[in-house]
Amino acid sequence: MESFLQPDRGFKINKENLQKASIIFLFVLVIIVMVAFAEKVSNPILLGFAAIVGGYMALNIGANDVANNVGPAVGSKALTMTGAIIIAAICEISGSLIAGGEVVSTVSSGIISVEAIGDPEHFVTLMLAALISGAIWLNIATIIGAPVSTTHAIVGGVLGSGIAAGGFGVANWSALGEIVGSWVISPVMGGVIAAALLFFIKHTITYKKNKKSSAENIVPYLIAFMTWAFSLYLIKKGLKHIIVLDDMVAFGLSIVISIIVLFIVKPIIKRALEKLENKKEEINKLFTIPLIFAVALLSFAHGANDVANAIGPLTAINEALKISFEFGGKANVPFWIMLIGGLGISIGLALFGPRLIRTVGGEITELDQMRAYCIAMSAALTVLVASELGMPVSSTHIAIGAIFGVGFLREHLKRQYKEMESKILESRKGEDSEKVKEFLEQFRNASIRRKTAILKSLERKDSKKKAKVPQNINIPELKKKEAKRLKEAYQEELVKRSAINKIVAAWLITVPVSAVFSAICYFILSAVGF
(Lines give C-alpha, C1' and ligand atoms only; values in the text may rest on other atoms or scores of the structure.)
Protein backbone atom coordinates (compact mmCIF):
# COMPACT_ATOMS: atom_id res chain seq x y z
CA MET A 1 0.00 0.00 0.00
CA GLU A 2 2.82 2.40 0.91
CA SER A 3 4.60 1.87 -2.42
CA PHE A 4 1.29 2.36 -4.23
CA LEU A 5 0.65 5.68 -2.54
CA GLN A 6 4.17 7.01 -3.02
CA PRO A 7 3.80 8.01 -6.70
CA ASP A 8 0.55 9.80 -5.90
CA ARG A 9 2.28 11.73 -3.14
CA GLY A 10 5.04 12.71 -5.54
CA PHE A 11 2.43 13.80 -8.09
CA LYS A 12 0.80 16.05 -5.52
CA ILE A 13 4.10 17.65 -4.64
CA ASN A 14 4.92 18.19 -8.32
CA LYS A 15 1.45 19.59 -8.95
CA GLU A 16 1.86 22.06 -6.08
CA ASN A 17 5.27 23.16 -7.36
CA LEU A 18 3.84 23.48 -10.87
CA GLN A 19 1.09 25.76 -9.56
CA LYS A 20 3.67 27.93 -7.78
CA ALA A 21 5.82 28.09 -10.91
CA SER A 22 2.78 29.08 -12.99
CA ILE A 23 1.88 31.93 -10.63
CA ILE A 24 5.47 33.21 -10.65
CA PHE A 25 5.56 32.97 -14.46
CA LEU A 26 2.37 35.06 -14.68
CA PHE A 27 3.91 37.57 -12.26
CA VAL A 28 6.96 37.87 -14.52
CA LEU A 29 4.70 38.39 -17.55
CA VAL A 30 2.84 41.15 -15.72
CA ILE A 31 6.19 42.81 -14.92
CA ILE A 32 7.27 42.65 -18.59
CA VAL A 33 3.97 44.18 -19.73
CA MET A 34 4.27 47.00 -17.16
CA VAL A 35 7.84 47.78 -18.27
CA ALA A 36 6.70 47.82 -21.92
CA PHE A 37 4.16 50.55 -21.16
CA ALA A 38 6.43 52.47 -18.78
CA GLU A 39 8.17 55.75 -19.52
CA LYS A 40 10.83 55.49 -22.23
CA VAL A 41 14.40 54.94 -21.01
CA SER A 42 17.78 54.54 -22.69
CA ASN A 43 17.93 50.76 -22.12
CA PRO A 44 14.45 49.17 -21.77
CA ILE A 45 15.85 45.61 -21.80
CA LEU A 46 18.07 46.40 -18.82
CA LEU A 47 15.12 48.03 -17.03
CA GLY A 48 13.01 44.94 -17.73
CA PHE A 49 15.68 42.67 -16.27
CA ALA A 50 16.01 44.95 -13.21
CA ALA A 51 12.23 44.94 -12.76
CA ILE A 52 12.16 41.13 -12.75
CA VAL A 53 14.97 41.10 -10.16
CA GLY A 54 13.02 43.66 -8.10
CA GLY A 55 9.99 41.37 -8.28
CA TYR A 56 12.19 38.46 -7.14
CA MET A 57 13.36 40.57 -4.19
CA ALA A 58 9.74 41.42 -3.31
CA LEU A 59 8.80 37.71 -3.43
CA ASN A 60 11.55 36.95 -0.92
CA ILE A 61 10.52 39.81 1.36
CA GLY A 62 7.02 38.32 1.44
CA ALA A 63 8.37 34.80 2.03
CA ASN A 64 10.68 35.81 4.89
CA ASP A 65 9.89 39.12 6.54
CA VAL A 66 6.09 39.04 6.79
CA ALA A 67 6.25 35.93 9.00
CA ASN A 68 7.25 38.19 11.90
CA ASN A 69 3.88 39.95 11.75
CA VAL A 70 1.61 36.92 11.34
CA GLY A 71 3.63 34.08 12.93
CA PRO A 72 2.65 34.73 16.59
CA ALA A 73 -1.06 35.00 15.69
CA VAL A 74 -0.92 31.70 13.78
CA GLY A 75 1.18 29.97 16.46
CA SER A 76 -1.29 31.03 19.17
CA LYS A 77 -4.20 29.76 17.01
CA ALA A 78 -5.81 33.20 16.95
CA LEU A 79 -5.76 32.84 13.16
CA THR A 80 -5.47 29.91 10.78
CA MET A 81 -2.57 29.87 8.34
CA THR A 82 -4.92 30.60 5.43
CA GLY A 83 -6.74 33.40 7.26
CA ALA A 84 -3.47 35.04 8.31
CA ILE A 85 -2.03 34.88 4.78
CA ILE A 86 -5.19 36.40 3.24
CA ILE A 87 -5.34 39.27 5.77
CA ALA A 88 -1.59 39.94 5.58
CA ALA A 89 -1.48 39.78 1.77
CA ILE A 90 -4.35 42.27 1.40
CA CYS A 91 -2.84 44.64 3.97
CA GLU A 92 0.71 44.32 2.59
CA ILE A 93 -0.32 45.28 -0.93
CA SER A 94 -2.61 48.02 0.44
CA GLY A 95 0.24 49.45 2.49
CA SER A 96 2.56 49.30 -0.51
CA LEU A 97 0.16 51.05 -2.90
CA ILE A 98 -1.58 53.49 -0.53
CA ALA A 99 1.28 54.51 1.75
CA GLY A 100 4.41 53.16 0.09
CA GLY A 101 5.90 56.58 -0.35
CA GLU A 102 5.71 59.29 -2.97
CA VAL A 103 9.49 59.61 -3.04
CA VAL A 104 12.45 57.43 -2.11
CA SER A 105 16.13 58.14 -1.96
CA THR A 106 18.06 56.88 -4.97
CA VAL A 107 20.37 54.94 -2.64
CA SER A 108 19.08 52.81 0.22
CA SER A 109 20.00 53.92 3.74
CA GLY A 110 22.78 56.36 2.69
CA ILE A 111 25.19 53.45 3.00
CA ILE A 112 27.49 54.72 0.21
CA SER A 113 28.44 58.05 -1.31
CA VAL A 114 26.92 57.93 -4.80
CA GLU A 115 28.83 61.02 -5.92
CA ALA A 116 32.03 58.97 -5.63
CA ILE A 117 30.70 56.46 -8.16
CA GLY A 118 30.52 59.12 -10.88
CA ASP A 119 29.33 57.03 -13.82
CA PRO A 120 25.54 56.38 -14.16
CA GLU A 121 26.24 53.05 -15.88
CA HIS A 122 28.33 51.86 -12.92
CA PHE A 123 25.59 53.10 -10.63
CA VAL A 124 22.94 50.99 -12.42
CA THR A 125 25.19 47.91 -12.26
CA LEU A 126 25.81 48.61 -8.56
CA MET A 127 22.10 48.79 -7.67
CA LEU A 128 21.26 45.74 -9.79
CA ALA A 129 23.97 43.71 -8.06
CA ALA A 130 22.62 44.84 -4.68
CA LEU A 131 19.11 43.70 -5.61
CA ILE A 132 20.30 40.30 -6.86
CA SER A 133 22.50 39.59 -3.83
CA GLY A 134 19.87 40.72 -1.30
CA ALA A 135 17.22 38.55 -2.95
CA ILE A 136 19.51 35.49 -3.14
CA TRP A 137 20.46 35.75 0.54
CA LEU A 138 16.81 36.16 1.58
CA ASN A 139 15.94 33.10 -0.50
CA ILE A 140 18.66 31.05 1.22
CA ALA A 141 17.58 32.27 4.67
CA THR A 142 13.97 31.29 3.93
CA ILE A 143 15.03 27.81 2.80
CA ILE A 144 16.98 27.18 6.03
CA GLY A 145 14.12 28.62 8.11
CA ALA A 146 15.92 31.71 9.46
CA PRO A 147 13.95 35.00 9.70
CA VAL A 148 16.41 37.79 8.80
CA SER A 149 16.23 41.53 8.23
CA THR A 150 15.44 42.41 4.62
CA THR A 151 16.75 45.93 5.26
CA HIS A 152 20.10 44.52 6.35
CA ALA A 153 20.18 42.27 3.27
CA ILE A 154 19.74 45.18 0.85
CA VAL A 155 22.11 47.41 2.85
CA GLY A 156 24.76 44.69 2.68
CA GLY A 157 24.14 44.43 -1.05
CA VAL A 158 24.56 48.18 -1.63
CA LEU A 159 27.69 48.19 0.56
CA GLY A 160 29.35 45.28 -1.28
CA SER A 161 28.68 46.48 -4.81
CA GLY A 162 29.53 50.06 -3.78
CA ILE A 163 32.95 49.02 -2.54
CA ALA A 164 33.45 46.92 -5.67
CA ALA A 165 32.58 49.94 -7.83
CA GLY A 166 34.39 52.73 -5.98
CA GLY A 167 36.61 51.23 -3.29
CA PHE A 168 36.33 51.33 0.49
CA GLY A 169 36.22 55.12 0.49
CA VAL A 170 32.64 55.23 -0.85
CA ALA A 171 31.22 53.40 2.19
CA ASN A 172 29.44 55.32 4.94
CA TRP A 173 30.98 53.43 7.87
CA SER A 174 29.09 55.42 10.52
CA ALA A 175 25.77 54.30 9.01
CA LEU A 176 27.06 50.72 8.97
CA GLY A 177 28.03 51.09 12.64
CA GLU A 178 24.45 52.07 13.48
CA ILE A 179 23.19 48.98 11.68
CA VAL A 180 25.59 46.75 13.63
CA GLY A 181 24.34 48.40 16.84
CA SER A 182 20.78 47.55 15.89
CA TRP A 183 21.67 43.83 15.94
CA VAL A 184 21.84 44.18 19.73
CA ILE A 185 19.39 47.01 20.36
CA SER A 186 16.44 45.57 18.41
CA PRO A 187 16.15 42.08 19.97
CA VAL A 188 17.00 43.28 23.48
CA MET A 189 14.39 46.05 23.42
CA GLY A 190 11.82 43.74 21.86
CA GLY A 191 12.52 41.00 24.42
CA VAL A 192 12.42 43.29 27.46
CA ILE A 193 9.16 45.00 26.45
CA ALA A 194 7.41 41.71 25.59
CA ALA A 195 8.57 40.04 28.81
CA ALA A 196 7.48 43.05 30.91
CA LEU A 197 4.01 43.02 29.33
CA LEU A 198 3.62 39.26 29.88
CA PHE A 199 4.80 39.63 33.50
CA PHE A 200 2.17 42.32 34.04
CA ILE A 201 -0.61 40.18 32.52
CA LYS A 202 0.37 37.17 34.62
CA HIS A 203 0.40 39.13 37.88
CA THR A 204 -2.82 41.05 37.19
CA ILE A 205 -4.91 38.30 35.57
CA THR A 206 -3.66 34.71 35.29
CA TYR A 207 -2.17 34.47 38.81
CA LYS A 208 -5.38 35.76 40.38
CA LYS A 209 -7.89 33.36 41.90
CA ASN A 210 -10.84 35.10 40.20
CA LYS A 211 -9.41 35.44 36.70
CA LYS A 212 -12.72 36.52 35.15
CA SER A 213 -13.10 39.48 37.49
CA SER A 214 -9.47 40.50 36.95
CA ALA A 215 -9.86 40.18 33.18
CA GLU A 216 -12.98 42.36 33.24
CA ASN A 217 -10.98 45.11 34.95
CA ILE A 218 -7.69 44.77 33.04
CA VAL A 219 -8.33 43.48 29.49
CA PRO A 220 -10.30 46.54 28.23
CA TYR A 221 -7.37 48.76 29.23
CA LEU A 222 -4.88 46.38 27.58
CA ILE A 223 -6.90 46.61 24.35
CA ALA A 224 -7.10 50.41 24.68
CA PHE A 225 -3.33 50.51 25.24
CA MET A 226 -2.88 48.38 22.15
CA THR A 227 -5.17 50.73 20.19
CA TRP A 228 -3.11 53.73 21.27
CA ALA A 229 0.19 52.07 20.34
CA PHE A 230 -0.99 50.83 16.95
CA SER A 231 -2.77 54.08 16.10
CA LEU A 232 0.40 56.04 16.80
CA TYR A 233 2.50 53.40 14.99
CA LEU A 234 0.26 53.56 11.93
CA ILE A 235 0.18 57.38 11.87
CA LYS A 236 3.96 57.75 12.28
CA LYS A 237 5.20 54.74 10.30
CA GLY A 238 2.42 53.43 8.05
CA LEU A 239 0.85 56.66 6.83
CA LYS A 240 3.86 58.98 7.02
CA HIS A 241 4.05 59.24 3.21
CA ILE A 242 0.39 60.27 2.91
CA ILE A 243 -0.03 62.63 5.83
CA VAL A 244 2.56 64.17 8.12
CA LEU A 245 1.29 65.19 11.54
CA ASP A 246 3.06 66.96 14.35
CA ASP A 247 4.21 64.54 17.07
CA MET A 248 1.88 66.02 19.68
CA VAL A 249 -1.09 65.96 17.28
CA ALA A 250 -0.37 62.31 16.39
CA PHE A 251 -0.03 61.42 20.08
CA GLY A 252 -3.27 63.21 21.00
CA LEU A 253 -5.20 61.67 18.10
CA SER A 254 -4.07 58.16 19.09
CA ILE A 255 -5.15 58.85 22.71
CA VAL A 256 -8.61 59.93 21.55
CA ILE A 257 -8.97 56.78 19.41
CA SER A 258 -7.91 54.55 22.32
CA ILE A 259 -10.43 56.18 24.71
CA ILE A 260 -13.24 55.63 22.19
CA VAL A 261 -12.21 51.98 21.83
CA LEU A 262 -12.08 51.58 25.63
CA PHE A 263 -15.74 52.60 26.00
CA ILE A 264 -16.71 50.31 23.12
CA VAL A 265 -14.88 47.17 24.32
CA LYS A 266 -15.78 47.37 28.04
CA PRO A 267 -19.36 46.04 27.64
CA ILE A 268 -18.22 43.60 24.94
CA ILE A 269 -15.61 42.08 27.28
CA LYS A 270 -18.15 41.88 30.10
CA ARG A 271 -20.64 39.97 27.92
CA ALA A 272 -17.91 37.68 26.58
CA LEU A 273 -16.74 36.80 30.10
CA GLU A 274 -20.23 35.63 31.07
CA LYS A 275 -19.81 32.71 28.65
CA LEU A 276 -16.26 31.83 29.73
CA GLU A 277 -14.95 29.67 32.56
CA ASN A 278 -12.55 30.92 35.22
CA LYS A 279 -9.51 29.44 33.44
CA LYS A 280 -6.46 30.92 31.78
CA GLU A 281 -7.23 29.07 28.53
CA GLU A 282 -10.66 30.72 28.44
CA ILE A 283 -9.35 34.22 29.22
CA ASN A 284 -6.94 33.78 26.29
CA LYS A 285 -9.88 33.95 23.91
CA LEU A 286 -10.40 37.63 24.73
CA PHE A 287 -7.16 38.48 22.89
CA THR A 288 -8.13 36.82 19.59
CA ILE A 289 -9.83 39.80 17.91
CA PRO A 290 -7.12 42.30 18.99
CA LEU A 291 -4.50 39.95 17.50
CA ILE A 292 -6.32 39.87 14.15
CA PHE A 293 -6.27 43.68 14.05
CA ALA A 294 -2.59 43.60 15.04
CA VAL A 295 -1.76 41.35 12.08
CA ALA A 296 -3.63 43.68 9.72
CA LEU A 297 -2.04 46.89 11.01
CA LEU A 298 1.50 45.48 11.25
CA SER A 299 1.20 44.11 7.71
CA PHE A 300 -0.08 47.44 6.39
CA ALA A 301 2.79 49.33 8.02
CA HIS A 302 5.28 46.71 6.81
CA GLY A 303 4.02 47.01 3.24
CA ALA A 304 4.29 50.80 3.45
CA ASN A 305 7.87 50.76 4.77
CA ASP A 306 9.72 47.60 3.73
CA VAL A 307 8.49 47.62 0.13
CA ALA A 308 11.28 50.18 -0.32
CA ASN A 309 13.84 47.38 0.02
CA ALA A 310 12.62 46.02 -3.32
CA ILE A 311 11.50 49.16 -5.13
CA GLY A 312 14.16 51.58 -3.79
CA PRO A 313 17.02 50.14 -5.88
CA LEU A 314 14.63 49.48 -8.80
CA THR A 315 13.46 53.11 -8.71
CA ALA A 316 17.10 54.23 -8.62
CA ILE A 317 17.84 52.13 -11.73
CA ASN A 318 14.75 53.50 -13.49
CA GLU A 319 15.87 57.07 -12.77
CA ALA A 320 19.49 56.40 -13.74
CA LEU A 321 18.37 55.14 -17.16
CA LYS A 322 16.65 58.49 -17.83
CA ILE A 323 18.52 61.29 -19.59
CA SER A 324 17.74 63.79 -16.83
CA PHE A 325 19.30 61.64 -14.07
CA GLU A 326 21.21 63.50 -11.32
CA PHE A 327 23.25 61.87 -8.56
CA GLY A 328 21.94 62.30 -5.03
CA GLY A 329 18.49 63.40 -6.14
CA LYS A 330 15.10 62.09 -5.15
CA ALA A 331 13.09 59.79 -7.39
CA ASN A 332 9.33 59.77 -7.77
CA VAL A 333 8.19 56.17 -7.62
CA PRO A 334 6.03 55.24 -10.65
CA PHE A 335 2.85 53.34 -9.87
CA TRP A 336 3.98 50.28 -11.84
CA ILE A 337 7.06 49.91 -9.62
CA MET A 338 4.89 50.24 -6.50
CA LEU A 339 2.62 47.54 -7.92
CA ILE A 340 5.56 45.19 -8.51
CA GLY A 341 6.61 45.62 -4.88
CA GLY A 342 3.13 45.12 -3.45
CA LEU A 343 2.22 42.16 -5.66
CA GLY A 344 5.60 40.52 -5.11
CA ILE A 345 5.38 40.70 -1.32
CA SER A 346 1.82 39.31 -1.31
CA ILE A 347 2.60 36.48 -3.75
CA GLY A 348 5.80 35.57 -1.89
CA LEU A 349 3.88 35.42 1.39
CA ALA A 350 1.12 33.23 -0.08
CA LEU A 351 3.44 30.80 -1.88
CA PHE A 352 6.46 30.53 0.42
CA GLY A 353 5.51 32.28 3.68
CA PRO A 354 4.10 29.28 5.64
CA ARG A 355 7.58 27.83 6.30
CA LEU A 356 8.80 30.89 8.21
CA ILE A 357 5.37 31.52 9.75
CA ARG A 358 5.58 28.08 11.40
CA THR A 359 9.11 28.80 12.60
CA VAL A 360 8.18 32.15 14.15
CA GLY A 361 4.80 30.93 15.42
CA GLY A 362 5.77 27.72 17.15
CA GLU A 363 9.27 26.38 16.60
CA ILE A 364 11.05 28.87 18.87
CA THR A 365 8.70 28.72 21.86
CA GLU A 366 5.06 27.80 22.48
CA LEU A 367 2.70 30.73 22.07
CA ASP A 368 -0.85 31.44 23.18
CA GLN A 369 -2.97 34.54 22.56
CA MET A 370 -1.67 36.45 25.59
CA ARG A 371 1.95 35.84 24.63
CA ALA A 372 1.23 36.74 20.99
CA TYR A 373 -0.43 39.96 22.19
CA CYS A 374 2.77 40.86 24.10
CA ILE A 375 4.90 40.18 20.99
CA ALA A 376 2.67 42.31 18.75
CA MET A 377 2.67 45.12 21.30
CA SER A 378 6.44 44.90 21.63
CA ALA A 379 6.84 45.28 17.85
CA ALA A 380 4.85 48.53 17.83
CA LEU A 381 6.22 49.99 21.08
CA THR A 382 9.87 49.24 20.29
CA VAL A 383 9.68 50.94 16.90
CA LEU A 384 7.98 53.97 18.47
CA VAL A 385 10.52 54.26 21.31
CA ALA A 386 13.48 53.72 18.99
CA SER A 387 12.16 56.32 16.52
CA GLU A 388 11.88 58.92 19.26
CA LEU A 389 15.41 58.14 20.47
CA GLY A 390 16.77 58.17 16.93
CA MET A 391 17.98 54.55 17.11
CA PRO A 392 17.94 52.29 14.04
CA VAL A 393 16.06 49.05 14.71
CA SER A 394 15.02 46.01 12.69
CA SER A 395 11.37 44.91 12.82
CA THR A 396 12.50 41.31 12.26
CA HIS A 397 14.96 41.42 15.14
CA ILE A 398 12.36 43.06 17.39
CA ALA A 399 9.74 40.37 16.74
CA ILE A 400 12.16 37.47 17.22
CA GLY A 401 13.66 39.16 20.29
CA ALA A 402 10.14 39.52 21.71
CA ILE A 403 9.51 35.80 21.19
CA PHE A 404 12.79 35.01 22.95
CA GLY A 405 11.87 37.37 25.79
CA VAL A 406 8.49 35.72 26.30
CA GLY A 407 10.06 32.26 26.23
CA PHE A 408 12.87 33.09 28.67
CA LEU A 409 10.44 34.73 31.09
CA ARG A 410 8.33 31.55 31.05
CA GLU A 411 11.46 29.50 31.75
CA HIS A 412 12.39 31.74 34.68
CA LEU A 413 8.91 31.66 36.21
CA LYS A 414 8.62 27.89 35.70
CA ARG A 415 11.97 27.34 37.42
CA GLN A 416 10.95 29.60 40.30
CA TYR A 417 7.69 27.70 40.69
CA LYS A 418 9.42 24.32 40.76
CA GLU A 419 11.82 25.61 43.39
CA MET A 420 8.84 26.74 45.48
CA GLU A 421 7.22 23.30 45.24
CA SER A 422 10.56 21.71 46.10
CA LYS A 423 10.71 23.78 49.31
CA ILE A 424 7.20 22.63 50.22
CA LEU A 425 8.06 18.97 49.63
CA GLU A 426 11.25 19.35 51.67
CA SER A 427 9.41 20.99 54.57
CA ARG A 428 6.71 18.28 54.53
CA LYS A 429 9.12 15.37 54.34
CA GLY A 430 7.84 12.38 56.35
CA GLU A 431 4.20 13.48 56.33
CA ASP A 432 1.30 11.57 54.78
CA SER A 433 1.57 11.74 50.97
CA GLU A 434 -2.12 12.53 50.49
CA LYS A 435 -1.88 15.52 52.85
CA VAL A 436 1.22 16.74 51.01
CA LYS A 437 -0.62 16.50 47.66
CA GLU A 438 -3.59 18.36 49.11
CA PHE A 439 -1.30 21.11 50.45
CA LEU A 440 0.45 21.39 47.06
CA GLU A 441 -2.91 21.75 45.31
CA GLN A 442 -3.91 24.54 47.72
CA PHE A 443 -0.57 26.23 47.05
CA ARG A 444 -1.07 26.04 43.27
CA ASN A 445 -4.53 27.59 43.48
CA ALA A 446 -3.49 30.32 45.92
CA SER A 447 -2.93 33.96 44.91
CA ILE A 448 0.60 35.35 44.61
CA ARG A 449 0.22 37.11 47.97
CA ARG A 450 -0.95 33.88 49.63
CA LYS A 451 1.89 31.87 48.06
CA THR A 452 4.42 34.38 49.36
CA ALA A 453 2.94 34.10 52.87
CA ILE A 454 3.10 30.27 52.72
CA LEU A 455 6.75 30.30 51.64
CA LYS A 456 7.71 32.80 54.38
CA SER A 457 5.99 30.58 56.94
CA LEU A 458 7.96 27.57 55.70
CA GLU A 459 11.22 29.56 55.86
CA ARG A 460 10.52 30.52 59.51
CA LYS A 461 9.85 26.89 60.40
CA ASP A 462 12.99 25.80 58.61
CA SER A 463 15.14 28.36 60.42
CA LYS A 464 13.78 27.18 63.81
CA LYS A 465 14.68 23.59 62.93
CA LYS A 466 18.21 24.66 62.00
CA ALA A 467 18.55 26.57 65.27
CA LYS A 468 17.90 23.36 67.24
CA VAL A 469 20.77 21.53 65.52
CA PRO A 470 23.86 21.31 67.87
CA GLN A 471 26.72 23.53 66.73
CA ASN A 472 29.27 20.71 66.83
CA ILE A 473 27.39 18.74 64.09
CA ASN A 474 28.57 19.45 60.57
CA ILE A 475 25.79 19.66 57.97
CA PRO A 476 27.22 18.57 54.60
CA GLU A 477 26.87 21.06 51.75
CA LEU A 478 26.09 20.12 48.16
CA LYS A 479 29.10 19.60 45.94
CA LYS A 480 29.38 21.80 42.84
CA LYS A 481 28.42 18.97 40.48
CA GLU A 482 25.42 18.01 42.63
CA ALA A 483 24.28 21.65 42.82
CA LYS A 484 24.60 21.95 39.05
CA ARG A 485 22.53 18.80 38.51
CA LEU A 486 19.87 20.11 40.91
CA LYS A 487 19.72 23.41 39.02
CA GLU A 488 19.43 21.57 35.69
CA ALA A 489 16.52 19.59 37.10
CA TYR A 490 14.66 22.86 37.63
CA GLN A 491 15.67 24.18 34.20
CA GLU A 492 12.96 23.34 31.69
CA GLU A 493 13.83 24.65 28.25
CA LEU A 494 10.84 26.53 26.86
CA VAL A 495 12.96 28.25 24.19
CA LYS A 496 14.68 26.01 21.67
CA ARG A 497 18.40 26.74 21.86
CA SER A 498 18.99 25.31 18.38
CA ALA A 499 16.57 27.90 16.96
CA ILE A 500 18.39 30.71 18.78
CA ASN A 501 21.79 29.65 17.46
CA LYS A 502 20.56 29.37 13.87
CA ILE A 503 18.71 32.69 13.87
CA VAL A 504 21.45 34.71 15.60
CA ALA A 505 24.08 33.25 13.25
CA ALA A 506 21.93 34.26 10.26
CA TRP A 507 21.55 37.79 11.67
CA LEU A 508 25.29 38.22 12.13
CA ILE A 509 26.22 37.14 8.62
CA THR A 510 23.39 38.88 6.72
CA VAL A 511 25.26 42.13 5.94
CA PRO A 512 28.68 40.56 5.18
CA VAL A 513 27.24 37.69 3.11
CA SER A 514 25.01 40.05 1.12
CA ALA A 515 28.00 42.34 0.61
CA VAL A 516 30.20 39.50 -0.71
CA PHE A 517 27.41 38.21 -2.99
CA SER A 518 26.85 41.74 -4.26
CA ALA A 519 30.53 42.37 -5.02
CA ILE A 520 30.69 39.09 -6.97
CA CYS A 521 27.48 40.01 -8.85
CA TYR A 522 28.89 43.45 -9.66
CA PHE A 523 32.05 42.02 -11.21
CA ILE A 524 30.05 39.42 -13.19
CA LEU A 525 27.57 42.03 -14.48
CA SER A 526 30.43 44.37 -15.41
CA ALA A 527 32.22 41.56 -17.24
CA VAL A 528 29.16 40.70 -19.36
CA GLY A 529 28.58 44.34 -20.29
CA PHE A 530 25.75 45.49 -17.97
Near pairs, Cβ below 8 angstrom, 6+ apart or cross-chain, from the stretch 159-181 (surrounded by fewer than 19 Cβ atoms within 10 Å (Cβ to Cβ)) to any residue that is in a helix (DSSP H, G or I) and modelled with pLDDT of 85 or more: Leu176/Val155; Leu176/Leu159; Leu176/Val511; Val180/Val511
Unmet requirement for Phe408, which otherwise passes all of (1) open to solvent by less than 50 Å² (accessible area, probe 1.4 Å); (2) in a helix (DSSP H, G or I); (3) modelled with pLDDT of 85 or more: (1)
Top-ranked residue of the stretch 377-398 - restricted to ones that are among the small types (Gly, Ala, Ser) and either open to solvent by 20 Å² or more (accessible area, probe 1.4 Å) or modelled with pLDDT of 90 or more (or both), ranked as nearest to Glu178 (Cα to Cα): Gly390
Any hit, the stretch 266-274, residues being without any contact (Cβ under 8 Å) to a residue 24 or more places away in the chain and either touching a Cys at 6+ places or on another chain (Cβ under 6 Å) or among the charged types (D, E, K, R) (or both): yes
Search result, residues across the stretch 494-530 that are at pLDDT below 80 and exposed (fewer than 12 other Cβ atoms within 10 Å of the Cβ): Gly529
Subset of the stretch 124-152 (residues that are closer than 17 Å to Ile503 by Cα, modelled with pLDDT under 90, part of a helix (DSSP H, G or I) and open to solvent by less than 30 Å² (accessible area, probe 1.4 Å)): Thr150, His152
Test for Ala215: is it closer than 27 Å to Ser94 by Cα and in contact (Cβ under 8 Å) with a residue 24 or more places away in the chain: no
Odd one out for Gly361, checked against (1) over 13 Å from Ala67 (Cα atoms); (2) buried (at least 23 other Cβ atoms within 10 Å of the Cβ); (3) out of contact with any Phe, Trp or Tyr (no Cβ under 6 Å at 6 or more places or on another chain): (1)
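Per-residue answers, yes or no, for (1) open to solvent by less than 20 Å² (accessible area, probe 1.4 Å); (2) farther than 24 Å from Arg371 by Cα:
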{"position": "Gly191", "(1), (2)": "yes, no"}
{"position": "Ile201", "(1), (2)": "yes, no"}
{"position": "Ile218", "(1), (2)": "no, no"}
{"position": "Trp228", "(1), (2)": "no, no"}
{"position": "Asp246", "(1), (2)": "no, yes"}
{"position": "Val249", "(1), (2)": "no, yes"}
{"position": "Gly252", "(1), (2)": "no, yes"}
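Tell me which helices (runs of 4 or more DSSP H) are completely within the stretch 275-347 and hold 1 or more residues being surrounded by 24 or more Cβ atoms within 10 Å (Cβ to Cβ), at pLDDT below 85 and among the polar types (S, T, N, Q), or say none if there are none. Spell out how you get there, then give the answer.
Details: elements: 280-283, 288-306, 308-320.
Passing ranges, in order: 308-320.
Quick check, is Ile201 touching a residue at least 40 places away in the same chain (Cβ under 8 Å) and outside any loop (DSSP other than H, G, I, E, B)?
In short, yes.
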Scan of the stretch 230-244 for residues that are of a type in the set (Phe, Trp, Tyr) and surrounded by fewer than 19 Cβ atoms within 10 Å (Cβ to Cβ), ordered by number: none
Every residue from the stretch 90-111 that is open to solvent by less than 20 Å² (accessible area, probe 1.4 Å) and either at positive phi or at pLDDT 90 or above (or both): Gly101
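The values are calculated or read from the model by the stated rules, or taken from the named source; none is laboratory data. Here the structure is a predicted model, which means the values were calculated and not measured. Cβ atoms come from the backbone with ideal geometry, glycine included; neighbour counts cover every protein chain shown. To get the accessible areas, we keep the full protein, side chains included, count just its heavy atoms, and leave off ligands, DNA and RNA. Shrake-Rupley method; radii C 1.70, N 1.55, O 1.52, S 1.80 Å.
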